[in-house]
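Since the structure comes first, as structure tokens, the remarks are kept for the end.
The values are calculated or read from the model by the stated rules, or taken from the named source; none is laboratory data. Source: prediction; values computed, not measured. Positions of Cβ are backbone-derived with ideal geometry, glycine not excepted, and every protein chain shown enters the neighbour counts.
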Amino acid sequence: MITLPEKKHHLREAGYTLFEIMLVLGIISVLVGSAIYMVAGNLDVAKEQRVKSDVQAISMQLRTYEMLNYRKPTTEQGLEALVQPPTADPKPQSWKKLMDAVPLDPWGNFYVYRNPGKYHPDGYDLYSLGPQGKEGDGNIGR
């Protein structure tokens with residue numbers, strides 16, 4: 001009977017060394033870290049774009065409210081007048097629900113609505129307080 005020579009398996013051929021695995025993980029970590037760094041600046045831009053989009057959508061609903069009721073909601077009635085009938089005077093003549101809920105800005109704050117406006121006395125103000133959450137130069141959408 002003829003026997004075949006047995007193959008010797010060396011430890012080196014069995015898999016990767018710890019050094020090789022750590023090197024690959026290090027490279028992956030550097031790539032992921034640099035990708036996060038590159039995307040982080042775009043997050044602020046995306047939030048500002050969302051504010052502009054929200055302001056446009058709310059403005060459209062305010063115009064619809066005005067067409068139905070011949071006036072926009074007062075500052076006291078606020079944007080909630082687009083969601084539920086206002087209880088403060090002047091009460092709307094033909095109220096309709098125009099939004100499911102008043103959206104919050106990307107930083108979790110309510111949008112500022114004034115009618116008549118402080119910045120637009122002949123119209124209304126609608127803007128976000130921005131990331132700092134207070135009145136000032138950082139407001140978005142005025």
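Observations, loosely collected:
Let's see how each residue does on (1) closer than 30 Å to I140 by Cβ; (2) exposed (fewer than 10 other Cβ atoms within 10 Å of the Cβ); (3) at pLDDT 85 or above:
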| position | (1), (2), (3) |
| --- | --- |
| M1 | no, yes, no |
| K7 | no, yes, no |
| A14 | no, yes, no |
| F19 | no, yes, yes |
| G41 | yes, yes, no |
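- Options K97, K91, K52: the member that is within 23 Å of the chain's Cα centre (by Cα) and of a type in the set (K, R): K52
- Among the residues of region 74-97, at least one is of a type in the set (G, A, S), without any contact (Cβ under 8 Å) to a residue 24 or more places away in the chain and not in a loop (DSSP other than H, G, I, E, B).
- Condition met for G141 (in contact with a helix residue (DSSP H, G or I) (Cβ under 9 Å, 6 or more places away or on another chain), modelled with pLDDT under 90 and surrounded by 13 or more Cβ atoms within 10 Å (Cβ to Cβ)): yes
- Search result, residues across region 43-79 that are acidic (D, E) and surrounded by fewer than 18 Cβ atoms within 10 Å (Cβ to Cβ): D44, E48, E66, E76
- Residue in region 94-102 that is modelled with pLDDT of 90 or more, touching a strand residue (DSSP E or B) at 6+ places or on another chain (Cβ under 9 Å) and closer than 22 Å to S53 by Cβ present: yes
- Enumeration of residues in region 101-112 that are surrounded by fewer than 13 Cβ atoms within 10 Å (Cβ to Cβ) and either farther than 15 Å from L79 by Cβ or touching a residue at least 24 places away in the same chain (Cβ under 8 Å) (or both): G108
- Contact map, region 113-134: residues that are under 14 Å from E76 (Cα atoms) and at pLDDT below 90 paired with residues that are of a type in the set (A, V, I, L, M, F, W, C) and surrounded by 19 or more Cβ atoms within 10 Å (Cβ to Cβ), Cβ distance under 9 Å, separation 6+ or inter-chain. Pairs shown: G117/L126.
- Reported count of residues in region 21-39, each being of a type outside the set (V, I, T), under 30 Å from P131 (Cβ atoms) and modelled with pLDDT of 80 or more, is 5.
- Lone unmet requirement of (1) touching a Pro at 6+ places or on another chain (Cβ under 8 Å); (2) assigned to a loop (DSSP other than H, G, I, E, B) for L68: (2)
- Among the numbered conditions (1) touching a Leu at 6+ places or on another chain (Cβ under 9 Å); (2) surrounded by 13 or more Cβ atoms within 10 Å (Cβ to Cβ), the only one that P86 does not meet is (1).
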